[in-house]
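Quick notes on the structure that follows.
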Amino acid sequence: GCPPNDPGSKSTVWEGPTWGIPDKWGDDAFVDLANGRNDAVLTDAGESISWLKRDQGGCCAFVGEAVVSDDLIGIAIREDDDDLRAMFNKAIAAIRADGTYQRINDKYFPFSIY
């Protein structure tokens, strides 16, 4: 079972190593990680990258393999907007072909978001 949360925490915890799962309260699982109340945080890679780049994230790093390897980032386009979809597809293909995508991706992420 799950023990009660630390009174100062809004993270979900399990017995054994303490894992935080960010929830509607935002960064609390990460704050608990930085303060030593959590041993690890399981969350979206993009959210983790953002936090790790902050001063508070200097305590921590990615470890292990991705839990889900096909967790990619998407762009939402109205279903009937074929012209806009074609423009995005053309632009993405162009920046992938000329290396721009890789340069931008490498600047912000230690993994490919494509």
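No value in this document is a laboratory result; all are computed from the given coordinates. Treat the numbers as computed from the prediction; the structure is a model and nothing was measured. Cβ atoms come from the backbone with ideal geometry, glycine included; neighbour counts cover every protein chain shown.
What residues qualify as long-range amide H neighbours of Val41, i.e. H under 5 Å apart, gap of 5 or more or another chain, H built at 1.01 Å from N?
Gly20
Tell me, in nm to one decimal, what length is gained between Phe88 and Val63 on full extension, where the rule is 0.36 nm per residue of separation less the Cα-Cα distance?
Between Phe88 and Val63, full extension yields an extra 5.7 nm.
Computed FRET efficiency, Cβ-Cβ of Asn105 and Leu42, R0 22 Å: what is it to the nearest 0.05?
Calculated value: 0.45.
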